[in-house]
């Protein structure tokens with residue numbers, strides 16, 4: 001089972017689906033940005049390997065970044 005930390009930084013009050021945040025995979029030690037609930041859902045529904053390569057997100061062009069040191 002994968003463990004994730006979801007950080008939501010901003011939400012548009014006129015369009016609740018427009019959000020900015022980061023999905024952090026605890027085991028993979030990577031972070032992926034997301035800009036909507038749909039992209040977050042897609043990332044959570046895919047394999048950890050797809051999350052690591054960035055294939056899980058269709059609206060994000062940024063590469064995965066290492067998670068911050070704890």
Notebook entry, point to check: By how many nm would the segment from residue 8 to residue 29 lengthen if fully extended, with 0.36 nm per residue of separation less the alpha-carbon distance?
Noted result: 5.8 nm
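Compute the projected area of the convex hull of the Cα atoms of the range 6-47, averaged over all viewing directions, and report it in nm² to one decimal place.
Average of the hull's projected areas for the range 6-47 equals 2.8 nm².
Every read-out reported here was derived from the displayed coordinates using simple, explicitly stated rules and does not represent laboratory data. These numbers were taken from a predicted model, which means no experiment stands behind them.
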